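**Student:** Shown below is the structure under consideration.
The values are calculated or read from the model by the stated rules, or taken from the named source; none is laboratory data. Please read these numbers as outputs of a predicted model, since none were measured by experiment. Neighbour counts run over all protein chains shown; Cβ positions are idealised from the backbone, glycine included.
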């Protein structure tokens, strides 16, 4: 089935998230209690909710999106190109920009959203943050009442599972074993909150997010046994 999909109909993406505020102390007393309850099964007994707060960005209820990086294939004069764009900064504004992009260019039945572990993280996180920000969901993220085959989501980790529901494979591992240039260099996911709040270096995070998005597109090409993207084929818009 993957070989029957026109790759120009796929919007590849990756998101980066951080805790909604820099420190646990900045949360209201009620929010602190709720975070402690939410994380009590993940934390070891000796780890307090405050110590665990650095990981708060992985939950949409306690985090926020600071970057969505998107990419899509086009063809000009018979040359394949992969156009990439970053949406970053104020969360509501970047979510609105992402929604506008989907509704104006990727709103047809044949269009798909694609991310690594997107079904478990990126897609539901974006949808939840849109609702929290008082936004109406675009059809591609609104799953209420949809049958499984009507959900327009493609997940490269899901593709690698081949039906093995318990199998988790990181993007870094997949790119390594499939001989795809690694998207990981200066930072990894555990560094994003520190780089955002302490270094205040959003550009470094955007670059990291860009490499992940390109890596996801490379995976789909590799799964289809197609030639990988060259640097000259990647164009920022």
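**Student:** Return the residues of segment 110-130 that are out of contact with any strand residue (DSSP E or B) (no Cβ under 9 Å at 6 or more places or on another chain) and outside any loop (DSSP other than H, G, I, E, B); say none if nothing qualifies.
**Tutor:** 124, 127, 128, 130 - these are the residues of segment 110-130 that are out of contact with any strand residue (DSSP E or B) (no Cβ under 9 Å at 6 or more places or on another chain) and outside any loop (DSSP other than H, G, I, E, B).
**Student:** I'd like to check something: does segment 220-235 contain any residue that is farther than 30 Å from residue 53 by Cβ, exposed (fewer than 14 other Cβ atoms within 10 Å of the Cβ), in contact (Cβ under 8 Å) with a residue 24 or more places away in the chain and touching a strand residue (DSSP E or B) at 6+ places or on another chain (Cβ under 9 Å)?
**Tutor:** yes
**Student:** List the pairs whose first member sits in segment 90-114 and is without any contact (Cβ under 8 Å) to a residue 40 or more places away in the chain, whose second member is loosely packed, with under 12 Cβ neighbours inside 10 Å, and whose Cβ atoms are under 9 Å apart, counting only residues at least 6 apart or on separate chains?
**Tutor:** Going by the 9 Å Cβ cut-off, the qualifying pairs are 99/136.
**Student:** Considering segment 183-210 alone, what residues qualify as being outside any helix (DSSP H, G or I) and either surrounded by 16 or more Cβ atoms within 10 Å (Cβ to Cβ) or on the phi > 0 side of the Ramachandran plot (or both)?
**Tutor:** 183, 184, 187, 200 - these are the residues of segment 183-210 that are outside any helix (DSSP H, G or I) and either surrounded by 16 or more Cβ atoms within 10 Å (Cβ to Cβ) or on the phi > 0 side of the Ramachandran plot (or both).
**Student:** Here's something else I'd like to know. Can you pull out every residue in segment 176-208 that is modelled with pLDDT of 90 or more, touching a helix residue (DSSP H, G or I) at 6+ places or on another chain (Cβ under 9 Å) and under 19 Å from residue 84 (Cα atoms)?
**Tutor:** Within segment 176-208, 180, 202, 204, 205, 208 qualify.
**Student:** What number goes with the only condition from (1) surrounded by fewer than 19 Cβ atoms within 10 Å (Cβ to Cβ); (2) over 21 Å from residue 233 (Cα atoms); (3) modelled with pLDDT of 95 or more that residue 83 does not pass?
**Tutor:** (2)
**Student:** May I pose another question? Without any contact (Cβ under 8 Å) to a residue 12 or more places away in the chain and within 17 Å of residue 62 (Cβ to Cβ): which single residue out of 131, 126 fits that description?
**Tutor:** Just a single option satisfies the conditions, and that option is 131.
**Student:** Also: I need the full set of residues from segment 149-166 which are within 19 Å of the chain's Cα centre (by Cα), surrounded by fewer than 18 Cβ atoms within 10 Å (Cβ to Cβ) and assigned to a loop (DSSP other than H, G, I, E, B), in order please.
**Tutor:** Correct list: 151 only.
**Student:** Oh, and also: Going by the structure shown, is residue 63 touching a residue at least 40 places away in the same chain (Cβ under 8 Å), crowded, with 20+ Cβ neighbours inside 10 Å and farther than 25 Å from residue 2 by Cα?
**Tutor:** Yes; evaluated as a whole, the condition is true for this residue.
**Student:** Among the residues of segment 1-46, count how many are in contact (Cβ under 8 Å) with a residue 60 or more places away in the chain and touching a helix residue (DSSP H, G or I) at 6+ places or on another chain (Cβ under 8 Å).
**Tutor:** Summing the residues that are in contact (Cβ under 8 Å) with a residue 60 or more places away in the chain and touching a helix residue (DSSP H, G or I) at 6+ places or on another chain (Cβ under 8 Å) in segment 1-46 gives 13.
**Student:** Can you find even one residue in segment 131-138 that is outside any helix (DSSP H, G or I), within 17 Å of the chain's Cα centre (by Cα), at pLDDT 95 or above and buried (at least 17 other Cβ atoms within 10 Å of the Cβ)?
**Tutor:** yes
**Student:** Then there is this: Would you mind telling me which numbered condition in (1) surrounded by fewer than 20 Cβ atoms within 10 Å (Cβ to Cβ); (2) touching a residue at least 24 places away in the same chain (Cβ under 8 Å) residue 73 fails?
**Tutor:** Here residue 73 clears every test but (1).
**Student:** Looking only at segment 169-182, decide whether some residue is under 15 Å from the mean Cα position of the chain (by Cα) and surrounded by 18 or more Cβ atoms within 10 Å (Cβ to Cβ).
**Tutor:** The answer is yes, given that some residue of segment 169-182 is under 15 Å from the mean Cα position of the chain (by Cα) and surrounded by 18 or more Cβ atoms within 10 Å (Cβ to Cβ).
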